[in-house]
Amino acid sequence: MIAQSFDYSSPESVSEALKLLAGKENSRVLAGGQSLIPMMKLRLSAPAHLVDLGRIAELHYIAQTDGTIRIGAMSTHNQVATSETLRKSCPLLAEVAGRIGDVQVRNLGTIGGSLSHADPAADYPAALQALRAQVRLVSQGKERTVSIDEFLVDAFTTALAPGELLYEVIVPADAAGVGSAYLKLQQPASGFSVVGVAAQVGVSGGKISTARVGLTGVGSRSYAAKPVEAALAGQPANASTVAAAAQKAADGVDPLNDLYAQADYRAHVARVYTRRALEAALGRAK
Ligand code: FAD
């Protein structure tokens with residue numbers, strides 16, 4: 001199918017983009033186009049006006065200041081995967097980005113676009129839930145920063161208000177000695193996650209000092225597996241602790257039941273992959 005006709009603008013600054021978004025009814029942001037263009041071709045989305053962010057240089061950056069890393073919304077998956085800053089200070093996010101789709105998708109798709117699209121099988125949310133990331137949202141004359149959990153409301157639903165733009169993603173740099181890992185069971189054709197688990201652990205004196213676990217693909221929205229994290233905190237860093245904690249990976253979640261996996265199988269994979277991701281993260285913790 002061919003997309004419904006639309007107007008197109010290609011601003012060079014965020015302020016210009018915000019003005020266009022506020023000024024025209026049924027406007028939509030275009031980032032990498034990897035989700036929006038197929039939706040428009042299928043006529044699941046029919047914006048009257050596209051505001052292309054591609055020429056806005058100020059949205060392309062990955063920068064660290066002390067313990068905080070800021071990632072501009074238009075950073076591509078490939079830029080996140082290969083960023084020296086992230087590989088050194090937040091390797092979990094770089095690892096996740098490198099597992100998204102294929103080369104073409106990673107070269108065009110952006111972190112801002114992926115989060116704003118809010119596909120329940122997208123990879124980034126697992127890591128961002130584990131990292132307790134925040135996102136900065138801007139609109140004309142206003143801005144606010146919200147947690148990733150607040151931002152990702154439900155499948156294909158975010159906290160973005162009309163006229164608002166996701167400007168940047170904010171993650172903490174790793175504390176010394178923590179290890180992290182991302183594992184996913186993927187849909188064979190696209191690479192999207194049937195279940196994706198991001199784990200980050202710190203060990204001190206043979207005990208688990210910090211544990212953070214995020215899951216995607218299991219339910220209609222990503223989540224931080226707090227029962228797993230609570231079962232690990234302060235416990236001996238060994239296989240039996242991890243195995244027992246991982247059993248809680250799908251607690252309180254209503255697993256999706258679709259053509260890729262039945263609900264009970266999804267919950268089972270969530271538990272198994274959580275155990276394996278935690279073991280891999282522990283193996284990398286120094
Ligand atoms: P677009 O398609 O341009 O936009 C998506 C939506 O977000 C639109 O509604 C748009 O208006 C809005 N938007 C974009 N940027 C902003 C912003 N800064 N502020 C506010 N709203 C914004 N994803 C995975 O996670 N894992 C995979 O394995 C995977 N495999 C894929 C395989 C294929 C073949 C394809 C086509 C896609 C795959 N994806 C996968 C999705 C991919 O990651 C897309 O990049 C992502 O979903 C959308 O990002 P985009 O930059 O292309 O956004």
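The values are calculated or read from the model by the stated rules, or taken from the named source; none is laboratory data. Treat the numbers as computed from the prediction; the structure is a model and nothing was measured. Neighbour counts are summed over all protein chains in view; Cβ atoms, including those assigned to glycine, are modelled from backbone coordinates with ideal geometry. For accessibility, only protein heavy atoms count, side chains too; no ligands or nucleic acids. Shrake-Rupley method; radii C 1.70, N 1.55, O 1.52, S 1.80 Å.
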Fraction of antiparallel bridges per DSSP, the chain only, in percent to nearest 5: 85 percent
Accessible-area ranking of Met1, Met39, largest first, probe 1.4 Å: Met1, Met39
Net length gained if the chain between Leu42 and Ser15 were fully extended (0.36 nm per residue, minus Cα distance): 6.6 nm
Linear extension gain, Ala63 paired with Val153, 0.36 nm per residue minus alpha-carbon span: 29.7 nm
Distance-filtered residues of the range 169-190 - backbone nitrogen under 16 Å, label point 7 angstrom along Asp102 Cα→Cβ: 187-190
Mean shadow area of the range 57-172 over all directions, Cα convex hull, nm²: 6.8 nm²
Reach of Lys286 by Cα under 17 Å, taken over aspartates and glutamates that are not fewer than 8 positions away in the same chain: Asp174
Rg over Rh, two decimals, the chain (C-alpha only, Kirkwood Rh): 0.99
In Å², nearest 10: area of Thr65 left accessible to a 1.4 Å probe: 90 Å²
Asp254 accessible area, 1.4 Å probe, all protein chains in place, Å² to nearest 10: 130 Å²
Degrees between helix 14-23 axis and first principal axis of the chain (Cα, 0 to 90, nearest 10): 60 degrees
Sites Gln140 and Ala176 - FRET efficiency at Förster radius 41 Å, r taken between beta-carbons, to 0.05: 0.50
0 to 90° range, to nearest 10: angle between helix 263-284 axis and the chain longest Cα axis: 70 degrees
Convex hull volume per residue for the range 180-285, taking Cα atoms only, in Å³: 79 Å³
Convex hull of Cα atoms in the range 29-86, direction-averaged projection (nm²): 4.9 nm²
Area projected by the alpha carbon convex hull of the range 7-52, averaged over all directions, nm²: 3.0 nm²
Heavy atoms of Leu20 accessible to a 1.4 Å probe, total area in Å² rounded to 10: 40 Å²
Alpha carbon Rg of the range 1-139, scaled by the compact-globule rule 2.2 N^0.38 Å: 1.08
Solvent exposure, largest accessible area first (probe 1.4 Å, DNA, RNA and ligands not counted), of Arg136, Arg28: Arg28, Arg136
Accessible surface, the range 1-159, averaged per residue in Å² (probe 1.4 Å): 47 Å²
